[in-house]
Amino acid sequence: MNTQKDKDLRTRERYTNSFDIDLLAALKKLSKETMIPVSRLLDKSIELLLKEYDKR
C-alpha cells in the first residue's frame, strides 16, 4: 500500500530490517557526531560492501 510518504521518496525505497543493538547505537552516535543522516551512512556502508564483493 503506497502512502503519501512513499510517493515523496523518488530515489529511495522503504526497507525494514533489524540490527545488532551495539552496531545500531554506534551508527546513531556517528550520525549525531557527523550530522550525516543514518540513511546516508547506510547507503555508504552498502556501497563499500558491494565494492568489496565486486558487485557494483
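Every read-out reported here was derived from the displayed coordinates using simple, explicitly stated rules and does not represent laboratory data. Source: prediction; values computed, not measured. Here the Cβ positions follow ideal geometry from the backbone for every residue, glycine too, while neighbour counts run over all protein chains shown.
A straight chain from Arg14 to Asp43 at 0.36 nm per residue would run longer than the Cα-Cα distance by 9.2 nm.
Could you put Ile46, Ile21 in order, starting from the residue whose Cβ has the fewest other Cβ atoms within 10 Å? All intermediate terms of the calculation are to be shown ahead of the outcome.
Working: Ile46 11, Ile21 8.
The most exposed by this proxy come first: Ile21, Ile46.
Quick one: grab the alpha carbon gyration tensor of segment 17-56, order the square roots of its eigenvalues as a ≥ b ≥ c, and give me rounded if a/c is under 1.5, else prolate or oblate depending on whether a/b is larger than b/c. Numbers along the way, then the final one.
Details: a/c = 2.77, a/b = 1.61, b/c = 1.72.
It comes out oblate by the Cα gyration axes.
Pop the C-beta distance of Lys32 and Tyr53 into the FRET formula with R0 = 30 Å and round what comes out to the nearest 0.05.
Details: r = 29 Å, r/R0 = 0.98.
After rounding, the FRET efficiency stands at 0.55.
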